[in-house]
1. Enumerate the calculated ³J(HN,Hα) couplings along segment 56-69 in order (Karplus 6.51 cos²θ - 1.76 cosθ + 1.60, θ = phi - 60°), each rounded to whole Hz, writing x wherever the residue is Gly or Pro.
2. Pull up all non-local amide H partners of Asn109: gap of 5 or more, or a different chain, and H-to-H distance under 5 Å with H placed in the peptide plane.
3. Could you tell me which trypsin sites (Lys or Arg not before Pro) in segment 33-122 are loop residues by DSSP with no more than 15 other beta carbons within 10 angstrom of their beta carbon?
Amino acid sequence: MRKIITKLVINSIQLFLSGQPDPVRNCVLTNRSQTWLMVDCEAGYNGGLPQRFHLDVYNSAVDHLQLNMTSNDAPVFSVGNLPPGTPFVLVIYASNEKGKSNSVALLGNTLSIRDQENGKIQ
C-alpha cells in the first residue's frame, strides 16, 4: 500500500503601506564654537521607505537662510563657517519619496570671541 502525501502550498501576499516619515525627535545642540554648531537628533519612523535628513540654518541676526544640509545616514549635523556670536534657528526634518515630516526647530548660537576666551565652550 502506497501512501500519497499531498502538499498544499498557500501563496501569501504581504502588503506594506508606505508614507511620509515621522519627525525627528530629541534634538540637541551637542557642541559649539565661534564658527560651528553640532546638532544631534534621533530618527523617527521612516514611513517604510529610505529617508534623508535635512537641516536649514536660519541666521536670526539678519533674518535669512544661512545654509542647508542633507544627511543620508542619520540626523546628525556639523555646521561650520558660521559667523561668531550669532543666534540661529535650526530647522530639522526628514523626507522620503512620499513626502516630508513635520519640522523641529532648535535655537542655538555660535560663541562670541569673548565667550570663547572665557572658556564658555560647550
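1. Once θ is set to phi - 60°, the couplings for segment 56-69 become 10, 10, 9, 7, 6, 5, 10, 6, 8, 6, 6, 6, 9, 9 Hz.
2. The answer is Phe88.
3. Counting only loop positions with at most 15 other Cβ atoms within 10 Å, the trypsin sites (Lys or Arg not before Pro) in segment 33-122 are Lys98, Lys120.
Computed from the coordinates by the stated procedures, all read-outs in this text should not be read as laboratory data. Quick caveat: nothing in here was measured; it's all calculated off a predicted structure. Positions of Cβ are generated from backbone atoms using ideal geometry, with glycine treated the same way; all protein chains shown enter the neighbour counts.
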